[in-house]
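Here the structure comes first, spelled out in structure tokens, and everything after it is commentary.
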Amino acid sequence: MKLTSLLLFFCLFSVSVFAQVTESDSLLADLDSASTAEQPKLLPDKMLLTQRIFWGEKGLYRKVGIAPQLTAENRAKELKIRRTMFKIHQAVGILTAAGMLAQGILGAKLYNAGGDNYTRIKRAHEATALGINIAYGTTALMAFTAPPGMLNRKGISNVKVHKYLSYIHLTGMITTNILADKIGDNYKLKPYHRAAAYTTFGAYFAAMAILKFEF
């Protein structure tokens, strides 16, 4: 019951964080601005490496015909695809965060469990970890492979802080999984595994919450 209440509280809070999609706190603010402004260029000067590989002027998607050639009309369609992918990114991101919270609770119980109870919790912990990895991978895929927006804002913004925090929780996610595989051979790694997991969740939660603020 306690676990269910915590998960319900977290999900409701997460929904409130993402419920308002406005120009000030949305990952998609650049799309709204681009739709009303004249853009001499069809692609921004700065793109993620993955975006350049797939959606660049000579990107893979254009070479194999998945993405049409660059025109204003086709770029407008790509921005709609970007919007859809970021909606999926947000929705699956909430599920991932809820799974991380559940994983943390199970992990804490696992440290103090024994006998059959240990085996049961360990299986639940491993199953939850698999689900988190799949959801986290989907969330990252939607963000890193979406078509590029049209604007590159200068200075610090909540969206940029969100991106910087993603580097932290991505590193933490990889570290947590590596240490999880090695704990069976070296139980002294448990505190480091737990620290990596808490750091990952903290950075992930902050990355979601920061979108609520404007600066």
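The values are calculated or read from the model by the stated rules, or taken from the named source; none is laboratory data. A quick note: this is a predicted structure, and the numbers were derived from the prediction, not measured. Methodologically, a virtual Cβ is constructed for each residue, glycine included, from the backbone with ideal geometry; neighbour enumeration extends over all protein chains shown.
When you scan the range 162-171, do you find a residue that is part of a helix (DSSP H, G or I), outside the structural domain of Ala209 (by TED's automatic domain parsing) and modelled with pLDDT of 90 or more, even just one?
Restricting attention to the range 162-171, the residues satisfying the condition of being part of a helix (DSSP H, G or I) are 162-171.
Retained after the next criterion (residues that are outside the structural domain of Ala209 (by TED's automatic domain parsing)): none.
Within the range 162-171, none of the residues are part of a helix (DSSP H, G or I), outside the structural domain of Ala209 (by TED's automatic domain parsing) and modelled with pLDDT of 90 or more.
Of these, Lys77, Lys154, Lys109, Lys163, which one is in contact (Cβ under 8 Å) with a residue 12 or more places away in the chain and among the charged types (D, E, K, R)?
Working: Lys77 fails: in contact (Cβ under 8 Å) with a residue 12 or more places away in the chain; Lys154 fails: in contact (Cβ under 8 Å) with a residue 12 or more places away in the chain; Lys163 fails: in contact (Cβ under 8 Å) with a residue 12 or more places away in the chain.
After applying the criteria, what remains is Lys109.
Within the range 112-125, the residues that satisfy the criterion of being surrounded by 14 or more Cβ atoms within 10 Å (Cβ to Cβ) and free of Cβ contacts under 8 Å to residues at least 12 places away in the same chain are Ala113, Tyr118. In the set Ala102, Ala135, Ala67, only one residue is touching a helix residue (DSSP H, G or I) at 6+ places or on another chain (Cβ under 7 Å), assigned to a loop (DSSP other than H, G, I, E, B) and in the same structural domain as Thr50 (by TED's automatic domain parsing); that residue is Ala67. For the range 159-177, the set of residues classified as of a type in the set (A, V, I, L, M, F, W, C) and surrounded by 13 or more Cβ atoms within 10 Å (Cβ to Cβ) consists of Val159, Val161, Leu165, Ile168, Leu170, Met173, listed by residue number. When Thr84, Thr96, Thr71 are checked against the criterion of being of a type in the set (Ser, Thr, Tyr) and free of Cβ contacts under 8 Å to residues at least 12 places away in the same chain, Thr84 stands alone in meeting it. Would it be correct to say that Ala197 is buried (at least 18 other Cβ atoms within 10 Å of the Cβ) and assigned to a helix (DSSP H, G or I)? Judged against the criteria, Ala197 is a match. Considering the conditions (1) assigned to a helix (DSSP H, G or I); (2) out of contact with any His (no Cβ under 7 Å at 6 or more places or on another chain); (3) over 30 Å from Lys80 (Cβ atoms), Val159 is excluded by exactly one of them, (3). Quick check: is even one residue across the range 170-178 hydroxyl-bearing (Ser, Thr, Tyr) and within 29 Å of Lys41 (Cβ to Cβ)? The answer is no, given that none of the residues of the range 170-178 is hydroxyl-bearing (Ser, Thr, Tyr) and within 29 Å of Lys41 (Cβ to Cβ).
Screening Met142 against (1) under 17 Å from Leu95 (Cβ atoms); (2) at pLDDT 95 or above leaves a single unmet condition, (2). Is it the case, given these coordinates, that Asn177 is part of a helix (DSSP H, G or I), assigned by TED's automatic domain parsing to the domain that holds Ile53 and free of Cβ contacts under 8 Å to residues at least 60 places away in the same chain? Answer is no for this residue. Would you confirm, using the coordinates I've provided, whether Thr138 is more than 30 Å from Glu73 (Cβ to Cβ), without any contact (Cβ under 8 Å) to a residue 60 or more places away in the chain and not basic (Lys, Arg)? Taking the combined requirement at face value, the residue does not satisfy it.
I'd like the full set of residues that are assigned to a helix (DSSP H, G or I) and surrounded by 14 or more Cβ atoms within 10 Å (Cβ to Cβ), limited to the range 51-64. First the steps, then the outcome.
Applying the first criterion (assigned to a helix (DSSP H, G or I)) to the range 51-64 yields 51-55, 60-64.
Result: Gln51, Arg52, Ile53, Phe54, Trp55, Tyr61, Arg62.
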